[in-house]
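First up is the structure itself, then whatever we jot down about it.
The values are calculated or read from the model by the stated rules, or taken from the named source; none is laboratory data. Since the structure is predicted, the reported quantities are computational estimates derived from the model, not experimental observations. Here the Cβ is made from the backbone with ideal geometry for all residues, glycine too, and neighbour counts use every protein chain on show.
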């Protein structure tokens with residue numbers, strides 16, 4: 001099932017893939033490669049705010065909320081180092097529904113208050129960029145109301161942007177299911193390159209933060225910021241998933257990639273997949289090594305499944321007898 005849904009603009013559905021910007025293209029590639037990426041809908045920066053556009057957005061949001069169990073969402077837009085356009089922005093939305101109808105109701109009040117503080121800080125920063133004060137109690141408004149306000153704000157910004165009348169869809173605005181990097185003590189958020197972006201050496205190159213959300217990574221310094229290599233000791237399952245994805249992405253792109261990720265418990269999710277800043281480009285020998293490594297990994301996975309099926313992977317399954325003692329704990 002497709003996880004990234006592109007919403008057209010005023011009924012137009014002829015936008016080319018490249019019209020959405022590199023962030024959205026990276027998400028689409030992650031989805032196509034069947035790598036774990038949170039569900040998202042994407043709409044263009046110049047979404048008009050017309051009744052037609054808002055009706056489409058409302059329908060998509062309600063569908064996502066119901067299907068996913070009323071989670072929070074992260075709104076992502078803008079690009080790094082893009083002067084004169086929207087800066088890179090992350091806003092966490094949908095707190096009201098998450099607390100009243102979703103899993104947020106199960107968390108202690110201290111955790112909900114912490115989420116509210118994080119949401120409030122980033123809302124303040126977002127509206128400050130436009131020289132505005134956030135609407136009263138913005139973080140506790142329903143998700144649809146929040147999105148309507150943000151669509152109007154972004155639409156006015158686009159209308160004033162130089163050359164807007166000649167622009168195509170431009171930068172896509174991503175509304176993505178929020179992955180909780182604060183879910184438990186194993187949870188984390190980080191950024192990495194698939195290898196050293198300056199020398200080409202196959203090594204862990206990146207950092208992460210324990211029990212933090214996927215934002216403001218660039219502004220965090222030691223001792224909170226941890227080297228990627230230590231992740232294998234803290235969350236080995238998520239680390240293994242990350243290393244396998246790095247190999248797959250380099251084989252697909254035939255180049256180095258920059259990734260942003262969050263682990264919610266042991267489950268790893270990719271939030272961004274871009275070119276990043278690097279000076280090294282993969283050489284033919286690098287690509288040959290990657291393909292051999294990927295084939296070996298796939299072969300080991302198949303052999304592991306066969307061995308598991310032949311020996312029986314469930315406890316107590318011997319001589320045709322099934323151990324059903326687990327039912328006592330249900």
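Would you check which residues across the range 62-75 are part of a helix (DSSP H, G or I) and either farther than 17 Å from residue 91 by Cβ or more than 21 Å from the chain's Cα centre (by Cα) (or both) and list them? Within the range 62-75, 62, 63, 66, 67, 68 qualify. It is to be established whether one or more residues within the range 42-61 are at pLDDT 90 or above and under 22 Å from residue 92 (Cβ atoms). No, that holds for no residue. Please indicate, with yes or no, whether at least one residue in the range 218-238 is in a loop (DSSP other than H, G, I, E, B) and either modelled with pLDDT of 85 or more or within 16 Å of the chain's Cα centre (by Cα) (or both). Taking every residue of the range 218-238 in turn, at least one turns out to be in a loop (DSSP other than H, G, I, E, B) and either modelled with pLDDT of 85 or more or within 16 Å of the chain's Cα centre (by Cα) (or both).
I'd like to check something: does the range 75-89 contain any residue that is at pLDDT 85 or above and within 18 Å of residue 154 (Cβ to Cβ)?
Initial filter on the range 75-89 (at pLDDT 85 or above): 75-76.
Filter once more, keeping what is within 18 Å of residue 154 (Cβ to Cβ): 75-76.
Yes, that holds for at least one residue.
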